[in-house]
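Peer 1: If you scroll down you'll find the structure; I have some questions about it.
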Amino acid sequence: MLFGLRLFPEQASTMAGQVDALLLFLLAVSLFFIGLIFLTVIVFAIRYRRRSEAERPQPIHGSLPLELLWTIIPLGLALVMFGWGAWLYFALNRPPADAMEVFVVAKQWMWKFQHPSGMREINELHVPLGRPVKVTMTSEDAIHSFGVSDFRIKMDVVPGRYTTAWFEATKPGEYRLGCAEYCGTEHAKMVGRVVVMRPEAYEAWLRGAPTGISLAAAGEKVFQQNGCAACHLSAGAGPGPSLAGIFGKPVKLATGQTVTADDAYLRESILDPQAKLVAGYPPIMPSLKGMLGEEQVTQLLAYIKSLAADQKAKAAP
Amino acid sequence: MSTLATARPANYLSVDPGVMSWLLTKDHKRIGILYLVSISVFFLVGAVSAAVIRLSLFTPEGALLHGQAYNKMFSLHGISMIFFFLIPSIPAVLGNFLLPLMIGARDVAFPRLNLLSWYIFVLGGASTLIAATTGGVDTGWTFYTPFSSIYSNTNVTLTAVGVFITGFSSILTGLNFLVTIHKMRAPGLSWSRLPLFVWAHYATSLIMILGTPVVAITLLMVGLERGLGIGLFDPALGGDPILFQHLFWFYSHPAVYIMILPSMGVVSEVIACFSRKRIFGYEFVAGSSLAIAVIGFFVWGHHMFVSGQSVYAGLVFSLLSFLVAIPSGVKVFNWTATLYKGSVAYHAPMLYALGFIGLFTIGGLTGLFLATLGTDVHLTDTYFVVAHFHYIMVGGAITGFMGGLHFWWPKITGWLYPEGWSRAAALLLFVGFNLTFFPQFILGYNGMLRRTYTYPPEFQVLNVMSTAGASILAVGYLIPVIYLLWSLRYGQAAGPNPWGATGLEWTAPSPPPPGNFEKIPVVTEEAYAYSTMETRRA
């Protein structure tokens, strides 16, 4: 930074360098073509400037080889850009399996975070260095967008559904989080920061903070308070399907289709139970829409996931 | 001069100067002038709001406007510039004026419909202006749901009604142009002899007819959800917010080509004239307009790479976006090659056209950064996007409009404007434009987000540069207004063909008489037959 002039953003995530490498390639190709066009136009304009009003240049109709040349070469370069960009996009959209998960609920004009430990934060997200972090996000009102430019990531936060993004921070520090999708009056002020801490410091922060109960335990409470347990008995004998070990597994629907019980499916089944009914069960579950906030839904999901983990633990020995 | 004016033969301006005769005119040339006056009002609104935005961004805290006031200002800027200036600019003004003249017709196919489309435009524009002056709107020109349909407490419905109404003006103009080009060409004017301006308007008209109904119905849906609570986009009502984006961009991406294709048509005419050469690769330049119009309908999803849509959808839209870039590149290469061994004169229209090539090249190439999936994630919704589309829409479309206005001004008014001033203004526009928008690429790459009235202090230097550039740009727009109006009173008579250009419009007197031609011309040669012009004159 020189006299308040900033030319390059920080590279603070594992993906930042890769995005910049591709940007550099695009810049090089662009500069080549900009140079080529500007130079040719200037040279032609000067060299062939009109010297007398009587000039009548010979017509040139065109040239098929040239047309092919300036179609095929740019097309080839474009395909390289496309392939490289697509590869990177898939990497940006596929969180590593061992990523630590954080739930994000956005609303006009703030960011709310819930850690698996149950820790909650507003407009500030503490994460450990060198560990992939997956954010699962939804909005309580308009569309927002979770953008951390020093990590080169951005993903819209959409009401009524989950979107995800991930990053692995590579430098301790504080990084600006901005809402990138226009969302109303104080859109400009919907900013927060991602605080990247060394693992020891992060552990100390986790211990030092006044944590309540874990996300899954909070979810169990919601599960009990709303009477879910009455039907979804863990043994599977109730009128609803058992939820033990269900997360991430295929579910056969009444329509004959099979879907995976992921965050999106479970969220939908809580808020709109009849949308994708499990085969063999009557459509009797009431919707919890309006009764549960987005944060409680994420707590329920954490609880259901913990049931899956219990199942694995039982299966292991 | 005034004696000269009265001595001129009867033309479309002098034939019946009463106000009512203008308001009830069916002459395509007068309708073009009516559009010129009305879009100038919106250009002024859009330009003043842009100036206020740039002044406010002089300091990181926002020097003038905060919160909703700022949001209303950028919404006003976008809505008036896009829907009420850029989209109608070249087609409705120059297209209306020139298409019949260029194809050797006396008018468009449906003159009454043409007048109706102007009235519809005025009605839509008035609704939007009323919405703006009675509280304004804060949704941006994109009207994203559910913000626009549920959460905004501003004049969304009336604004949307204005845009909805204006859409019909666009549809009718497109329809009129298509029929005119198909049915009313002079004898001998085959498709392969059509001026590239006409080809560009043919492609543009296709987009107007096929795309505009979609945005009309989409805005209607926003109104239904907002007014009647019918759940279409808001998930709380059972709707899908992303559906809006698909529908909106299905029109609004092709709309970019409504803005740029006519400009490309202007540039082709101007470059041919001031190099005295046939356009290199005429067939490829004409064909590329159609290719852009067709492929342009299948790239809308590139506005939604971070919307949460499927990554595979992103893959398809990215690939198609690269494909649509190729025909634009073909045009640039062919224009450049046209200069080769030409006889290049640097009159103002040519300076604008050469400026267009440079700015459009930068705008087009930076578009590749956004078509590339992995880099778009970082750059989208930042000032990089703002810079990119201003290079296309201002650097491209408006520079082309200015070039066209300067090229045909002598034909439209019969008067010449001062050479020196006009060249200076074209250069000033180029310099001011680059100073305004180039820093925004760097701002965007560094993460300055769009539509924010405050920004981190480390971005101030580049923002100050941008604001300084905008003031130069403003002068670049102001000077032509002054000397063009000046020319109406003090300019020299232009004569039918001041540039020595080919094209049927230059065979008619300047300004043309009501029916354009004494006798419908017969075309015996291709467009841009500059090499045979002298012998024909002699």
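Laboratory data are not the source of any read-out in this text; all were calculated from the coordinates shown. The shown structure was predicted, so the numbers you read here are calculated from the model rather than taken from an experiment. Quick reminder, even Gly has a Cβ in these numbers, built from the backbone with ideal geometry, and neighbours come from all protein chains shown.
Peer 1: For chain A, what is the mean residue ellipticity at 222 nm derived from helices alone (per DSSP H run of n ≥ 4: -39500 (n - 2.57); sum divided by total residues; nearest 500 deg cm²/dmol)?
Peer 2: -12500 deg cm²/dmol
Peer 1: Only Lys, Arg, Asp and Glu count, each charged at its Cβ (+1, +1, -1, -1), so figure out the dipole size of chain B about its Cα centre, rounded to 20 debye.
Peer 2: 1280
Peer 1: Kirkwood hydrodynamic radius, computed over distinct alpha-carbon pairs, for the range A:133-209: how many Å, to one decimal?
Peer 2: 13.6
Peer 1: In percent, what relative contact order does chain B have, based on Cα pairs under 8 Å that are 6 or more apart in sequence?
Peer 2: 18
Peer 1: So what is the relative contact order of the range B:378-464, in percent, for Cα pairs below 8 Å that sit 6 or more residues apart?
Peer 2: 55
Peer 1: I would also like to ask the following. Count the net charge of all other residues whose Cβ sits under 11 Å from the Cβ of residue B:138, scoring Lys and Arg as +1 and Asp and Glu as -1.
Peer 2: For residues surrounding residue B:138, the net value is +2.
Peer 1: Another question, then. Evaluate peptide B:300-308: per residue, the Cβ atoms of other protein chains within 10 Å of its Cβ; return the mean as an integer.
Peer 2: 5
Peer 1: A further question on this structure: Based on a Kirkwood Rh over C-alpha pairs, give the Stokes-Einstein translational diffusion coefficient of the range B:307-346 at 25 °C and viscosity 0.890 mPa s in µm²/s.
Peer 2: The Stokes-Einstein estimate is 191 µm²/s.
Peer 1: Could you tell me the extents of the range B:1-122's C-alpha atoms along the three principal axes, largest first, rounded to whole Å?
Peer 2: 60, 36, 27
Peer 1: Got a sec to turn the phi values of the range A:175-190 into Karplus ³J(HN,Hα) couplings, 6.51 cos²θ - 1.76 cosθ + 1.60 with θ = phi - 60°, whole Hz, x for Gly and Pro?
Peer 2: 10, 6, 10, x, 7, 9, 9, 4, 9, x, 2, 9, 3, 5, 9, 7
Peer 1: Taking Cα atoms of the range B:234-344, Rg/Rh with Kirkwood Rh, to two decimals?
Peer 2: Across the range B:234-344, the Cα-based Rg/Rh ratio is 1.16.
Peer 1: Shielding by partners for B:238-249, please: the mean number of other protein chain Cβ atoms within 10 Å of each residue's Cβ.
Peer 2: If you average over the peptide's residues, the count of other-chain Cβ atoms is 2.
Peer 1: Compute the convex hull volume of the Cα atoms of chain B, divide it by the residue count, and report the result per residue in Å³ as a whole number.
Peer 2: 142
Peer 1: According to a simple spin-label model (label point 7 Å from Cα along Cα-to-Cβ), what is the distance in nm between residue A:281 and residue B:37?
Peer 2: About 7.0 nm separates the two model spin labels.
Peer 1: Could you give the length gained on full extension between residue A:249 and residue A:51, defined as 0.36 nm per residue of separation minus the Cα-Cα distance, in nm?
Peer 2: Computed gain between residue A:249 and residue A:51 is 63.4 nm.
Peer 1: Which of the peptides B:361-368, B:193-200 is most tightly packed, and how do the rest follow, judged by the mean count of other Cβ atoms within 10 Å per residue?
Peer 2: B:193-200, B:361-368
Peer 1: Semi-axes of the equivalent ellipsoid for the range A:166-268, please: Cα gyration tensor eigenvalues, times 5, square-rooted, ordered largest first, whole Å.
Peer 2: Semi-axes from the Cα gyration tensor: 37, 21, 16 Å.
Peer 1: So what is the calculated 222 nm ellipticity per residue for chain B, using -39500 (n - 2.57) for each DSSP H run with n of 4 or more, over all residues, to the nearest 500 deg cm²/dmol?
Peer 2: Computed mean residue ellipticity for chain B: -21500 deg cm²/dmol.
Peer 1: Further question: Using Cα pairs under 8 angstrom and six or more residues apart, how large is the relative contact order of chain A, in percent?
Peer 2: After rounding, I find 15 percent.
Peer 1: Then there's this: Between the alpha-carbon centers of the range A:237-300 and the range A:1-58, tell me the distance in whole angstrom.
Peer 2: The distance from the Cα centre of the range A:237-300 to that of the range A:1-58 comes to 54 Å.
Peer 1: Divide the volume of the convex hull of the Cα atoms of the range A:215-315 by its number of residues and quote the answer in cubic angstrom per residue.
Peer 2: 93
Peer 1: One-quarter of the Cα convex hull surface for the range B:83-187, in nm²?
Peer 2: Result: 6.9 nm².
Peer 1: Modelled label-to-label distance, residue A:97 and residue B:190, 7 Å Cα→beta-carbon offset: nm?
Peer 2: Going from the residue A:97 label point to the residue B:190 one covers 6.7 nm.
Peer 1: Then there's this: In units of 2.2 N^0.38 Å, what is the alpha-carbon radius of gyration of chain A?
Peer 2: In units of the 2.2 N^0.38 Å rule of thumb, it is 1.38.
Peer 1: Once you list every other residue whose beta carbon is under 11 Å from the beta carbon of residue A:124, what net charge do they have if Lys and Arg are +1 and Asp and Glu are -1?
Peer 2: Combined, the nearby Lys, Arg, Asp and Glu give +1.
Peer 1: Let me ask something additional. What does the structure give for A:37-47 when I average, per residue, the other chain Cβ atoms found within 10 Å of the residue Cβ?
Peer 2: That average works out to 6.
Peer 1: Considering only C-alpha atoms, what is the centroid distance from the range B:127-201 to the range B:280-349, in Å?
Peer 2: Measuring centre to centre over Cα atoms gives 21 Å.
Peer 1: OK, next. Packing-wise, with mean Cβ within 10 Å as the measure, how do A:151-163, A:130-142 rank, highest first?
Peer 2: The peptides rank, most packed first, as A:151-163, A:130-142.
Peer 1: Over the Cα atoms of the range B:167-221, what is the Rg over Rh ratio if Rh follows Kirkwood?
Peer 2: With Rh from the inverse mean 1/r over Cα pairs, Rg/Rh is 1.11.
Peer 1: Right, here's the next one. With no solvent and one point on each alpha carbon, what is the Debye value of log10 I(q)/I(0) for the range A:1-140 at q = 0.15 Å⁻¹?
Peer 2: Each listed q maps to, in turn, -1.02.
Peer 1: In vacuo Debye scattering of the protein assembly as shown, one point per C-alpha: log10 I(q)/I(0) at q = 0.06 Å⁻¹?
Peer 2: -0.44
Peer 1: Listed here are the pairs A:221/A:289; B:29/B:331; A:154/A:252; B:29/B:519; A:249/A:276; B:277/B:519; which of them are more than 24 Å apart at the Cα?
Peer 2: B:29/B:331; A:154/A:252; B:277/B:519
Peer 1: Oh, and also: Give me the Å³ per residue figure for the convex hull around the C-alpha atoms of the range B:141-193.
Peer 2: Cα-based convex hull of the range B:141-193, divided per residue, equals 96 Å³.
Peer 1: Just add up the charged neighbours of residue A:258: K/R +1, D/E -1, any other residue whose Cβ is under 13 Å from the Cβ of residue A:258.
Peer 2: Every neighbour counted, the sum reads +2.
Peer 1: Here is a follow-up. Return the distance in nm (one decimal) between the two label points of a simple spin-label model at residue A:200 and residue B:313, each offset 7 Å from Cα along Cα→Cβ.
Peer 2: Result: 4.8 nm between the two label points.
Peer 1: Across the Cα atoms of the range B:407-524, what radius of gyration and what greatest pairwise Cα-Cα distance (Dmax) are found, in Å?
Peer 2: When restricted to the Cα atoms of the range B:407-524, Rg and Dmax are 21.4, 67 Å.
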